[in-house]
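The values are calculated or read from the model by the stated rules, or taken from the named source; none is laboratory data. Nothing here was measured: the structure is a model prediction, and the numbers come from that model. Positions of Cβ are backbone-derived with ideal geometry, glycine not excepted, and every protein chain shown enters the neighbour counts.
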Amino acid sequence: MVNIFDYYDYRKFLRDSYEEMHSKDVKFSYRFIQNKTGIDPGFLVKVFNGQKSLPEKAIPRFIKLLKLDERQSDYFTNLVFYGRAKSDIQKKNYFEKLISYKEPKCKVVETDLYEFYSKWYYTAIRELIGIHPFSGDFEELAGLLVPQITVSEAREGVELLERLGLISKDQNGRYNQTDRFITTGDKCRKNATQTFHKETILLASNALERIPQERRDISTITATLSADGFSKLKNKMTEFRNEILKIVQEEKNATGVYHLNFQLFPISKILQD
């Protein structure tokens, strides 16, 4: 499947999309594209070959033709503008916009590793090991977490992480992360992370009293939304999560482990038109 977010060249994306769709349905031809977009087949070939640029007015037509969702449409629009940019400043601005849609490479935690998300402190221990030297002092490790866990819980967490291959011990006896980022696979996302989300939401609630205000940021927005508005907010949250991961990825001197929770849910029944 052609994934638009893998491309920095809109011409290659259009060419690959055409080839994929044409292989599935021969009716998806240059003539078909002309009927839908008004772009002459000869001109389209020149666009594919880099001899011509896609006209700005044709962008929404191709978005409709390729049935791109809102996030994909925004990326495609910036992709075309990036390809049409003349100055270095324009290219830099559009390239930075494209980068904001990219997800950092993560190790996927498959279904058989869902136990990792059964306790909030398993993820916390793994992140702490990434920034703090740990060679087996479980009492110190337990005391570094907020709220503090027991020594046996710290030991249990390290043993689990090691068994799942998420941390490993080097020749000097120090534990290290085996991958910088991890994510859940689609198959286990719902069931595996449900308990984890419940625990982190509870941690956030307790943080209101436990953590000084200057060391936390907790806020709430109550708003009315349509189905379309709800979809837009979900897409924005996805983009923001990716931006957060890029900031984390660029950190060189981290001094603590943080939870950043996202919650968007209805507090009323959905009214029918």
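Pairs are defined by a Cβ separation below 6 Å, a sequence spacing of at least 6 or placement on different chains, a first member in the stretch 246-260 that is of a type in the set (S, T, N, Q), and a second member that is surrounded by 10 or more Cβ atoms within 10 Å (Cβ to Cβ); the pairs so defined are GLN249/PRO104. Elements of the type helices (runs of 4 or more DSSP H) sitting completely within the stretch 1-67 and holding at least 3 residues that are in contact with a strand residue (DSSP E or B) (Cβ under 7 Å, 6 or more places away or on another chain) and farther than 21 Å from TYR82 by Cα: there are none. So, ARG216, is that one modelled with pLDDT of 90 or more, within 29 Å of the chain's Cα centre (by Cα), closer than 19 Å to ALA254 by Cβ and basic (Lys, Arg) or not? So ARG216 fits the description; yes. In the stretch 146-173, the qualifying residues are those that are without any contact (Cβ under 8 Å) to a residue 40 or more places away in the chain and assigned to a loop (DSSP other than H, G, I, E, B), and the one that is surrounded by the fewest Cβ atoms within 10 Å (Cβ to Cβ) is GLN171. Only one of (1) over 25 Å from GLY130 (Cβ atoms); (2) surrounded by 11 or more Cβ atoms within 10 Å (Cβ to Cβ); (3) of a type outside the set (Ser, Thr, Tyr); (4) free of Cβ contacts under 8 Å to residues at least 24 places away in the same chain fails for LYS234. Which number is that? LYS234 satisfies all of (1) over 25 Å from GLY130 (Cβ atoms); (2) surrounded by 11 or more Cβ atoms within 10 Å (Cβ to Cβ); (3) of a type outside the set (Ser, Thr, Tyr); (4) free of Cβ contacts under 8 Å to residues at least 24 places away in the same chain except (4). Filtering the stretch 138-165 to residues that are out of contact with any strand residue (DSSP E or B) (no Cβ under 8 Å at 6 or more places or on another chain) and closer than 25 Å to LYS252 by Cβ leaves GLU140, LEU141, LEU144, LEU145, VAL146.
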